[in-house]
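**Student:** Attaching a single structure in structure tokens format; questions to follow.
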Amino acid sequence: MQTVYVDVLIFLNIIIDFFILLSLKTVFNINVTYKRLVISSIIISFFSLIALLPNINFFLNILINILTAVVSVFISFGRCSISNFIKRTCCFFAVNFIYAGIMIAVYMLFKPEKMAIINNVVYFDISPPLLIILTLCCYIILYIFKRITGKQGIMEKICKVHIKLNDKIYCFFGKVDTGCDVKEPFSGASVIIVEKSVFEDLKIDENNYRVIPFSSLGGEGILTGIKVQEVIIDGQKIEKDIYIGLCKNILNGEIKSLIPNDIFGVDIL
């Protein structure tokens, strides 16, 4: 019977969970802080303690694994639509399967001693530095796969946006939307739709004000348009005229804007 040390089990799972979540963040371009991933990894690592329980039945094991995935995705990446939450949870399972496959392959090739699978929890009685190296290798493989395939975001592309207006910088998150094609009617310039709450202290200059019509599935309407001084998206400066269109109570959560796909000059999705 393999001896399982609780401190080693929790520590190793913190490392594994962190790199799995980091892989998910990298592959699907989800903007979250590393601090949040670390906190999530610490919390969900305690689910690995099921390895210390007597043999549990198959269905209870599946239920615990589903609960682990749901808690992991929610804590790590926050609130989102139900459909996106389900997709992210399924992707979490997929990354886990990929990781497990890589680790088993490494085990078969290098034959590390003292490995056990207890209640579907993989336990390695190996030194923490070696596990960190192996886990990092798995992350690098996933990152290289992303670079080779050129996939920037399977579910969505979330960007960090910096907009300069009246010599002041406003920072917020935005979602690239292929269905967003609002244009400033006179110049044809692209329009980023932003929640008005982002610019609560903004004083609109009448000389810089535009009325921008838009249409959507919900109907037609008018946006307050303002030409910006500068736009930087994920560190990339946009070298073209850009307007913002102010909306109210349309975008919820951390996402405060919709970015037209053509703003980059290429299709990034």
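**Student:** Of the residues in segment 92-111, how many are modelled with pLDDT under 75 and surrounded by 14 or more Cβ atoms within 10 Å (Cβ to Cβ)?
**Tutor:** 6
**Student:** Specify the residue that is modelled with the highest pLDDT; the eligible residues are those in segment 163-208 that are touching a His at 6+ places or on another chain (Cβ under 9 Å) and surrounded by 13 or more Cβ atoms within 10 Å (Cβ to Cβ). Talk me through it step by step, then tell me what you get.
**Tutor:** Looking only at segment 163-208, we keep the residues that are touching a His at 6+ places or on another chain (Cβ under 9 Å), and these are 169-172.
Next cut, surrounded by 13 or more Cβ atoms within 10 Å (Cβ to Cβ) only: 170, 172.
Numbers: TYR170: 93, PHE172: 90.
So, considering only residues that are touching a His at 6+ places or on another chain (Cβ under 9 Å) and surrounded by 13 or more Cβ atoms within 10 Å (Cβ to Cβ), the one modelled with the highest pLDDT is TYR170.
**Student:** Another question, if that's okay. Quick one: in segment 65-74, which of the residues that are among the aliphatic types (A, V, I, L, M) and buried (at least 17 other Cβ atoms within 10 Å of the Cβ) is modelled with the lowest pLDDT? Break it down stepwise before answering.
**Tutor:** Restricting attention to segment 65-74, the residues satisfying the condition of being among the aliphatic types (A, V, I, L, M) are 66-67, 69-71, 73.
Now drop any that are not buried (at least 17 other Cβ atoms within 10 Å of the Cβ), which leaves 69, 73.
Numbers: ALA69: 84, VAL73: 88.
Of everything passing the filter in segment 65-74, ALA69 is modelled with the lowest pLDDT.
Here is a yes/no grid of residues against (1) modelled with pLDDT of 90 or more; (2) among the aromatic types (Phe, Trp, Tyr); (3) on the phi > 0 side of the Ramachandran plot; (4) not in a loop (DSSP other than H, G, I, E, B):
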site: SER215; (1), (2), (3), (4): no, no, no, yes
site: GLU220; (1), (2), (3), (4): no, no, no, yes
site: ILE226; (1), (2), (3), (4): yes, no, no, yes
site: GLY245; (1), (2), (3), (4): yes, no, no, yes
site: GLY253; (1), (2), (3), (4): no, no, yes, no
site: ILE259; (1), (2), (3), (4): yes, no, no, yes
site: ASP262; (1), (2), (3), (4): no, no, no, yes
site: VAL266; (1), (2), (3), (4): no, no, no, no
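**Student:** Take SER83 and tell me if it is in a helix (DSSP H, G or I), at pLDDT below 80 and under 19 Å from ILE158 (Cα atoms). First the steps, then the outcome.
**Tutor:** Values: in a helix (DSSP H, G or I): yes; at pLDDT below 80: yes; under 19 Å from ILE158 (Cα atoms): yes.
For SER83, the condition - in a helix (DSSP H, G or I), at pLDDT below 80 and under 19 Å from ILE158 (Cα atoms) - is met.
**Student:** So PHE11 clears everything in (1) modelled with pLDDT under 75; (2) surrounded by fewer than 20 Cβ atoms within 10 Å (Cβ to Cβ) except one condition, right? Which one?
**Tutor:** (1)
**Student:** Can I ask one more? Tell me, please, whether a residue that is among the hydroxyl-bearing types (Ser, Thr, Tyr) and at pLDDT 80 or above can be found in segment 147-160.
**Tutor:** Of the residues in segment 147-160, the ones among the hydroxyl-bearing types (Ser, Thr, Tyr) are 149.
Pick out the ones that are also at pLDDT 80 or above and you get none.
No, segment 147-160 contains no residue that is among the hydroxyl-bearing types (Ser, Thr, Tyr) and at pLDDT 80 or above.
The values are calculated or read from the model by the stated rules, or taken from the named source; none is laboratory data. Keep in mind it's a predicted model, so treat the numbers as computed, not measured. Note that each Cβ is placed from the backbone with ideal geometry, even for glycine, and that neighbours are counted across all protein chains shown.
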